[in-house]
Amino acid sequence: MPKTNAAALVFDDLSFQYNTRSEPAIQHISFSVQPGELLLIAGSSGCGKTTLMRCANGLIPNAYHGKISGDIKLFGRSVFEMQMAEISQAVGTLLQDPERQILGSYVLNEVGFGLESLGIPRNEIIPRVDETLEHLGILHMRDRETFGTSGGEKQKIALAGVLVMKPKILLLDEPLSSLDPASAHEALQTFRQLADEGLSVVIVEHRVEDVLTIHPDTVVYIDEGQVTYCGDSKGLMAIVDYRRIKLPADIVVERARNAPAPQFYPVLKPNYKNPETLLSFEGVHFQYNEDSPEVLDDINFEIHKGDVIAVLGHNGSGKTTMVKHALGLLKPTQGHVLLEGLDTQKMTVAEAAHTVGYVFQSPTQMLFAPTVKEELAFGPKNLGFSPEEIDKNVTWAIETVHLNEELDTPPLALSFGQQKRISIAAILSMRSRILMMDEPTAGQDYWNYQAFMDAILQMPGFDSVIFITHDLDLALIYANRILILYGGKIVADGRPQDVLQDELQLKKFRILPTSLLKLNMQYLPKTGSFYRAETIAHFIG
């Protein structure tokens with residue numbers, strides 16, 4: 001790793017409090033980033049990670065205002081003395097939500113937008129765009145419309161738009177949140193290579209275990225706005241709370257041997273002898289327009305009462321397109337979707353919402369109300385719930401996602417991870433029979449996503465839960481049934497221990513086995529089912 005005397009980025013006793021908040025977001029932050037260093041920043045949702053990134057790229061104080069003290073130096077110069085245009089040429093940022101970053105209608109236009117803004121000639125822009133797209137393995141998307149791309153594909157497009165500018169420092173805010181396991185692995189290898197080539201790379205990420213595979217040079221852990229650890233990854237694994245940060249399964253087993261075993265007893269259980277069918281896909285095909293390829297190809301499956309289904313698959317495999325059919329947001333170009341026996345072709349979205357509650361992948365597509373409380377009350381009010389029922393449901397929903405103190409806060413003033421939890425709570429408050437969630441854990445820390453999944457699945461209220469996820473461990477812990485999509489087709493459907501046992505097949509479908517899956521397969525003859533690492537520690541002990 002190349003080093004120079006001048007640090008690329010220095011945080012010097014930095015504190016910041018937003019004008020809209022009563023407490024500081026970050027306090028007395030001090031650490032540095034060297035040229036060619038890969039640094040991981042970890043911490044719970046809302047702990048101040050994103051605020052720190054906004055300070056580094058100049059958004060604070062230029063776009064977000066509040067009380068600030070301390071300093072940030074960019075290659076020896078205070079960022080507070082620099083213009084945004086000057087900072088942006090040295091610091092490239094990949095936002096947590098790619099929807100906020102993509103402006104162009106076509107991939108080529110989007111990736112080349114920054115270069116065009118600098119007045120670079122077209123004959124130089126196109127080769128640089130092509131080189132960057134090829135470097136990320138998405139050159140085939142060059143002429144596609146950005147609108148029709150998946151969340152994971154949008155993430156790659158946004159990253160290409162940052163890298164094409166050739167920044168000296170790359171800030172990555174949850175870069176893996178929308179990527180399938182294989183794409184995440186490829187992205188991490190790219191980040192490591194960029195650092196080895198001399199670029200300073202700062203990664204904010206909840207998927208700590210994944211980032212540890214590329215051996216970050218330094219790990220910074222932030223808790224309640226303050227740095228509580230700065231050092232190597234080995235030291236982090238020894239001191240951090242494994243219930244809050246997702247660590248490798250073998251580390252968790254070793255540390256959890258003498259701790260109480262977590263208790264999890266899901267309410268939902270399938271009735272295999274006499275299943276009640278809630279939703280049916282019958283020979284469903286779908287394409288967005290006549291000239292585009294099919295996104296769904298002959299989809300056939302049923303959702304029954306008691307099913308907790310995890311939908312896995314690579315970016316662009318058709319997962320989101322498929323679940324949108326359940327609510328009637330999309331209509332099949334061929335085949336039928338039956339919701340409680342009724343064809344969704346003949347139903348309005350409002351009618352379907354009585355049965356299906358759908359949480360979008362991007363919270364900004366859902367949130368609009370002045371306060372969190374009004375956001376959570378909107379759905380049940382439109383479904384005709386009584387004021388007493390609305391109050392009861394709003395209280396239950398906000399407690400489930402652990403954001404009671406934010407009821408009077410504007411939803412869009414919250415962090416991405418908190419917005420995601422509010423979008424989930426908004427659907428929980430409607431008490432639909434079927435809960436569908438698209439990437440429910442994106443932007444969530446380990447403790448929060450376990451807490452709200454535990455709460456949802458241990459409370460009566462839903463007849464079935466379906467969630468799209470790239471988090472294989474989330475699927476094997478919580479689902480009693482797994483669907484895998486590949487190229488628009490369902491290629492696997494069954495119990496987790498059956499669907500996930502063939503490692504070679506999983507890799508073919510761009511699903512990488514995790515340390516927790518390997519541990520579960522090792523002890524399956526003894527446990528009889530899949531469990532989180534803390535529980536397996538007690539089977540072993």
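The values are calculated or read from the model by the stated rules, or taken from the named source; none is laboratory data. No experiment lies behind these values; they were computed from the predicted model shown. Please note: Cβ atoms are built from the backbone with ideal geometry, for glycine as well, and neighbour counts cover all protein chains shown. Just so you know, the surface numbers come from the protein's heavy atoms only, side chains and all, with ligands and any DNA or RNA stripped out. Shrake-Rupley method; radii C 1.70, N 1.55, O 1.52, S 1.80 Å.
Test each condition in (1) closer than 25 Å to S178 by Cα; (2) among the β-branched types (V, I, T); (3) free of Cβ contacts under 8 Å to residues at least 40 places away in the same chain; (4) open to solvent by 10 Å² or more (accessible area, probe 1.4 Å) for T364 and report the one that comes out false.
It is condition (3) that T364 fails.
Only one of (1) surrounded by fewer than 23 Cβ atoms within 10 Å (Cβ to Cβ); (2) part of a helix (DSSP H, G or I) fails for Y531. Which number is that?
Y531 satisfies every listed condition except (2).
Which residue pairs have Cβ atoms closer than 6 Å, lie 6 or more positions apart in sequence or on different chains, and pair a first residue in segment 215-235 that is free of Cβ contacts under 8 Å to residues at least 12 places away in the same chain with a second residue that is part of a strand (DSSP E or B)?
As it stands, the answer is T228/Y221; Y229/Y221, since those pairs meet every condition given.
Just to verify a result, which residue in segment 100-133, among those that are within 17 Å of T149 (Cα to Cα) and not aliphatic (A, V, I, L, M), is farthest from the chain's Cα centre (by Cα)?
N109
Taking only segment 16-30 into account, find how many residues are open to solvent by 20 Å² or more (accessible area, probe 1.4 Å), out of contact with any helix residue (DSSP H, G or I) (no Cβ under 6 Å at 6 or more places or on another chain) and either acidic (D, E) or touching a residue at least 40 places away in the same chain (Cβ under 8 Å) (or both).
Going through segment 16-30 one residue at a time, the tally reaches 9.
Taking E145 and the conditions (1) surrounded by fewer than 19 Cβ atoms within 10 Å (Cβ to Cβ); (2) among the acidic types (D, E); (3) in contact with a Lys or Arg (Cβ under 9 Å, 6 or more places away or on another chain), which numbered condition does it fall short on, given that it satisfies the others?
(3)
Look through segment 356-388, keep the residues that are of a type in the set (V, I, T) and modelled with pLDDT of 90 or more, and return whichever of them is farthest from G461 (Cα to Cα). Give the derivation first.
So in segment 356-388, the residues of a type in the set (V, I, T) come out as 356, 359, 364, 371-372.
Next cut, modelled with pLDDT of 90 or more only: 356, 371-372.
Details: V356: 12, T371: 25, V372: 22 Å.
Across segment 356-388, the extreme among qualifying residues is T371.
Could you say which residue among V253, V323 is touching a helix residue (DSSP H, G or I) at 6+ places or on another chain (Cβ under 7 Å) and among the β-branched types (V, I, T)? Steps first, please.
On the way: V323 fails: touching a helix residue (DSSP H, G or I) at 6+ places or on another chain (Cβ under 7 Å).
After ruling out the rest, the residue left standing is V253.
Regarding L412, is this residue under 25 Å from T20 (Cβ atoms), hydrophobic (A, V, I, L, M, F, W, C) and open to solvent by 30 Å² or more (accessible area, probe 1.4 Å)?
When the stated conditions are applied, L412 passes them.
Looking at the structure I just gave you, is G66 surrounded by 14 or more Cβ atoms within 10 Å (Cβ to Cβ), in contact with a Pro (Cβ under 6 Å, 6 or more places away or on another chain) and of a type outside the set (A, V, I, L, M, F, W, C)? Lay out the reasoning, then the answer.
Details: surrounded by 14 or more Cβ atoms within 10 Å (Cβ to Cβ): yes; in contact with a Pro (Cβ under 6 Å, 6 or more places away or on another chain): no; of a type outside the set (A, V, I, L, M, F, W, C): yes.
So G66 fails the test.
Mind counting the residues in segment 1-40 that are at pLDDT 90 or above, among the aliphatic types (A, V, I, L, M) and either more than 15 Å from V91 (Cβ to Cβ) or touching a Gly at 6+ places or on another chain (Cβ under 7 Å) (or both)?
6
Just to confirm my filter: which strands (runs of 3 or more DSSP E) fall fully inside segment 451-522 and include at least 1 residues that are out of contact with any His (no Cβ under 6 Å at 6 or more places or on another chain), surrounded by fewer than 20 Cβ atoms within 10 Å (Cβ to Cβ) and small (G, A, S)?
Correct list: 489-494.
Looking only at segment 382-394, decide whether some residue is on the phi > 0 side of the Ramachandran plot and either open to solvent by 10 Å² or more (accessible area, probe 1.4 Å) or among the acidic types (D, E) (or both).
Within segment 382-394, one or more residues are on the phi > 0 side of the Ramachandran plot and either open to solvent by 10 Å² or more (accessible area, probe 1.4 Å) or among the acidic types (D, E) (or both).
In segment 207-232, how many residues are in a loop (DSSP other than H, G, I, E, B) and open to solvent by less than 20 Å² (accessible area, probe 1.4 Å)?
The first filter runs over segment 207-232 and keeps only residues in a loop (DSSP other than H, G, I, E, B), leaving 207, 213-217, 224-225, 232.
Next, from what is left, pick out any that are open to solvent by less than 20 Å² (accessible area, probe 1.4 Å): 214, 216, 225.
Result for segment 207-232: 3.
Does at least one position in segment 4-21 carry a residue that is over 24 Å from the mean Cα position of the chain (by Cα), at positive phi, among the small types (G, A, S) and not in a strand (DSSP E or B)? Even if it seems obvious, please write down each step before you answer.
So the first thing to find is which residues in segment 4-21 are over 24 Å from the mean Cα position of the chain (by Cα), and the list is 4-21.
Now narrow it down to the ones that are at positive phi: 13.
Cutting the leftovers down to among the small types (G, A, S) gives us none.
Checked segment 4-21: no residue is over 24 Å from the mean Cα position of the chain (by Cα), at positive phi, among the small types (G, A, S) and not in a strand (DSSP E or B).
For segment 161-175, what are the residues that are surrounded by fewer than 23 Cβ atoms within 10 Å (Cβ to Cβ) and small (G, A, S)?
Residues satisfying the conditions do not exist here.
What tally of residues in segment 119-129 results from selecting those that are surrounded by 13 or more Cβ atoms within 10 Å (Cβ to Cβ) and either in contact with a Gly (Cβ under 7 Å, 6 or more places away or on another chain) or in a helix (DSSP H, G or I) (or both)?
Result for segment 119-129: 4.
For segment 271-360, list the strands (runs of 3 or more DSSP E) that sit wholly inside it and hold at least 2 residues that are open to solvent by 80 Å² or more (accessible area, probe 1.4 Å); which are they? Outline the logic, then answer.
On the way: elements: 277-286, 296-304, 308-313, 334-339, 356-359.
In segment 271-360, the matching strands (runs of 3 or more DSSP E) lie at 296-304, 334-339.
Being at pLDDT 90 or above, within 16 Å of A56 (Cβ to Cβ) and either open to solvent by 20 Å² or more (accessible area, probe 1.4 Å) or assigned to a loop (DSSP other than H, G, I, E, B) (or both), is that true of even one residue in segment 187-200?
yes
Going by the conditions given, is K49 charged (D, E, K, R) and either exposed (fewer than 15 other Cβ atoms within 10 Å of the Cβ) or more than 26 Å from the chain's Cα centre (by Cα) (or both)?
no
So which residues in segment 133-175 are in a helix (DSSP H, G or I) and among the polar types (S, T, N, Q), if there are any at all?
Q155
Can you confirm whether G112 is of a type in the set (G, A, S), touching a helix residue (DSSP H, G or I) at 6+ places or on another chain (Cβ under 6 Å) and within 30 Å of H314 (Cα to Cα)?
Considered against the rule, which asks whether it is of a type in the set (G, A, S), touching a helix residue (DSSP H, G or I) at 6+ places or on another chain (Cβ under 6 Å) and within 30 Å of H314 (Cα to Cα), G112 comes out as yes.
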